[in-house]
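Contents: one structure, followed by commentary.
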Amino acid sequence: MAKDGSAPDARAKKILFDTFWSSKGWIDQGARHLSEADREYAKRHGMMFDPLTIGHDALAAETRRLVESIELAKASAAFLASLTSRRLDLRSGLASYVLASAAGPHDYVGNAFGTCVTCGARREHRDEDLDVLNFERHKWGGVRHGDPLYMLLDLSELARAEPAPPTDDDRATLEKILEIVASSPPRDTPGKLSKRLADALPSSKPERDVLIEILAAAGVLAPSDPSLGSGEFVHAGAWRGADGYSQTAVARLFGPRA
């Protein structure tokens, strides 16, 4: 298999993870300890970042530039290559690519919450913490799919990634996932689908939940009744087993099936 040129530096990744996570879960902000030397090391290796201040128009323009500079085939291949390698950071970009593409070029029009009606960004973001977003991206494949700042980071990292091409095992895993989706009982919720996917790929429950969210954000899991909902799921909340998966989306994202 080809060498993965985007594999994160092990020490830098450990610094990032140790900043936010312990064996007991999230580390409270006041209890986080990070030396300047460790921060600089993680920054040099692209795992941590300076706080970001950016206005809506610049954020939207840069996100659009990234979408136009990345081919859909790269986002899809990165997703596939994550299935057996468990490179969860590679998995996330497909959702960001599809969601950002749908937003398209636009100007800021605010709503009652002070965010853009098109993309959800504020008029200005000040001193935003990208480190926690990158931690979530590497830990679970992201948890804020559709958030403008997360998509900006996600697409930036996808643009510079050089993942190994997907293998036959990766494609077979996708087929297994789709078969499980297609065989879902009509009333199955995303939570029940997550349990059924446990045999399809190496994963924890949170990783499978995020995988389902990514597939829904990318249009593969398309709810037929948007009024339905299911717990903590956002993009996939209204999906039910009877909806199966979109063959059109699968063909567009991953090409013809064998």
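A short reminder: the numbers here are calculations on the coordinates, not readings from a lab. Fair warning: this is a prediction, and the values are worked out from it, not measured in the lab. Virtual Cβ from ideal backbone geometry, glycine too; neighbours counted across all protein chains shown.
Quick look at the values:
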read-out: Pairwise label distance in nanometres, L52 with A182, each label 7 Å out on the Cα-Cβ vector; value: 3.8
read-out: Calculated from backbone phi, Karplus (6.51, -1.76, 1.60) coupling profile of the stretch 101-110 in Hz, x at Gly/Pro; value: 4, 5, 5, x, x, 6, 9, 6, 10, x
read-out: For the chain, calculated [θ]222 nm from helices alone, where every DSSP H run of n ≥ 4 adds -39500 (n - 2.57); value: -15500 deg cm²/dmol
read-out: Cα gyration tensor shape of the stretch 162-258, rounded if a/c is under 1.5, else prolate or oblate by comparing a/b with b/c; value: prolate
read-out: Net dipole in debye of the stretch 168-254 [+1 Lys, Arg Cβ; -1 Asp, Glu Cβ; about Cα centre; nearest 20]; value: 220
read-out: Partners for K176 among lysines (Cα-Cα distance below 19 Å; same-chain residues under 8 apart left out); value: K192, K195, K205
read-out: Pairwise label distance in nanometres, K205 with A249, each label 7 Å out on the Cα-Cβ vector; value: 2.4
read-out: Alpha-carbon centroid distance for the pair the stretch 234-249 / the stretch 152-213, whole angstrom; value: 13
read-out: Option label - Rg and Dmax of the Cα atoms in Å computed here, alternatives (i) 18.3, 54; (ii) 18.5, 63; (iii) 17.9, 57; value: (i)
read-out: Electrostatic dipole magnitude of the chain [Cβ: Lys, Arg +1; Asp, Glu -1; Cα centre; debye, to 20]; value: 540
read-out: Sequence ranges 188-199, 77-88, ranked by mean other-Cβ count within 10 angstrom, highest first; value: 77-88, 188-199
read-out: Rg/Rg_globular for the stretch 17-165, with Rg_globular taken as 2.2 N^0.38 Å and Rg from C-alpha atoms; value: 1.08
read-out: Percentage relative contact order, the stretch 100-163, counting C-alpha pairs under 8 Å, at least six apart; value: 23
